[in-house]
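Laboratory data are not the source of any read-out in this text; all were calculated from the coordinates shown. Keep in mind that what you see is a predicted model, and the values were worked out from it rather than measured. All Cβ positions, even for glycine, are placed from backbone atoms using ideal geometry, and neighbour counts span all protein chains on display.
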Amino acid sequence: MTYVLLIAGCTAMAESNEPGDPLVVQFKCTNGEQVEMRFFRTQGVGVLVRAGKTVELQQKRSASGFWYSNGPHTVRGKGNEITIEIGRMMPIHCTAV
């Protein structure tokens with residue numbers, strides 16, 4: 001659960017007091033788009049919300065930071081920054097807002 005400590009520094013997050021509720025973080029990306037990550041810590045799941053579509057990602061082991069993937073979609077991050085990788089597209093770099 002290392003990712004929880006790293007995400008805690010993000011400036012724009014909303015968290016409820018309920019154990020199953022997600023940690024929600026908004027990001028602004030270098031390509032101009034805004035995305036949202038929802039971290040369901042107890043289930044080991046992350047949900048990427050991009051352009052109105054949701055993609056469920058499974059938590060993976062990471063030596064540093066956090067890593068979620070479902071194969072074609074991957075989100076890696078550390079602190080208040082994430083990188084989104086989708087297939088063979090150029091990675092998208094984003095920072096929490």
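What is the gain in length, in nm to one decimal, between Ser69 and Lys53 on full extension, counting 0.36 nm per residue of separation less the C-alpha to C-alpha distance? Show your work: numbers first, answer last.
Details: separation 16, 0.36 × 16 = 5.76 nm, distance 1.58 nm.
Contour length minus the Cα-Cα distance gives 4.2 nm.
Using Cα positions and a limit of under 17 Å, work out the lysines in reach of Lys78, with same-chain residues fewer than 8 apart set aside.
By straight Cα distance, Lys78 reaches Lys28, Lys60.
Give me Thr30, Thr74, Thr83 ranked fewest to most by other Cβ atoms within 10 Å of their Cβ, as a rough exposure proxy. Intermediate results must be reported in sequence, preceding the final value.
Working: Thr30 10, Thr74 18, Thr83 15.
Ranking Thr30, Thr74, Thr83 by Cβ neighbours within 10 Å, fewest first, gives Thr30, Thr83, Thr74.
What does the extension gain come out to for Lys60 and Cys29, with contour length at 0.36 nm per residue minus their alpha carbon separation?
Values: separation 31, 0.36 × 31 = 11.16 nm, distance 2.27 nm.
The span from Lys60 to Cys29 would gain 8.9 nm if fully extended.
I'd like the trypsin sites (Lys or Arg not before Pro) in segment 18-70 restricted to DSSP loop residues with at most 15 other Cβ atoms within 10 Å, sorted by number.
Details: sites: Lys28, Arg38, Arg41, Arg50, Lys53, Lys60, Arg61; in loops: Arg41, Lys60, Arg61.
Here the sparse-neighbourhood loop sites are Lys60, Arg61.
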